[in-house]
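The values are calculated or read from the model by the stated rules, or taken from the named source; none is laboratory data. Keep in mind the model is a prediction, meaning the values are calculated, not measured. Heads up, the Cβs are rebuilt from the backbone with ideal geometry, glycines too, and the neighbour counts pull from every protein chain shown.
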């Protein structure tokens, strides 16, 4: 990138895509597998965005428990949860317009790259 190029950086979760349904359902699944307190999907919205380990620790898990919960989360997310996400209306058109105007576009996420793609 030259010093004259301009770039726009977007967060993925909750900005470009509505990933909440897949994330909250996968978090709920992981908590159930861990025999942890049951939470309604509405109560798990804080999982959208930050690293998963941090969110599970926020619920009172030890680091070791959080690592196992992330495994359960990813098991469901990889097979089901990623398909429960959708791009917000108008996002593809907006990105196309920005590119036509000569801007470089980037995306930031704490997700593993295979899920973000």
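Data for the structure
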| read-out | value |
| --- | --- |
| Residues of the range 28-45 satisfying the condition of being surrounded by fewer than 16 Cβ atoms within 10 Å (Cβ to Cβ) and in contact with a helix residue (DSSP H, G or I) (Cβ under 6 Å, 6 or more places away or on another chain) | 33, 41 |
| Flag for residue 93 being closer than 15 Å to residue 111 by Cβ and surrounded by fewer than 18 Cβ atoms within 10 Å (Cβ to Cβ) | no |
| Residues of the range 1-27 satisfying the condition of being out of contact with any strand residue (DSSP E or B) (no Cβ under 8 Å at 6 or more places or on another chain) and exposed (fewer than 13 other Cβ atoms within 10 Å of the Cβ) | 2, 3, 4 |
| Residue match in the range 100-113 (condition: farther than 19 Å from residue 13 by Cα, in the same structural domain as residue 6 (by TED's automatic domain parsing) and in contact with a strand residue (DSSP E or B) (Cβ under 9 Å, 6 or more places away or on another chain)) | yes |
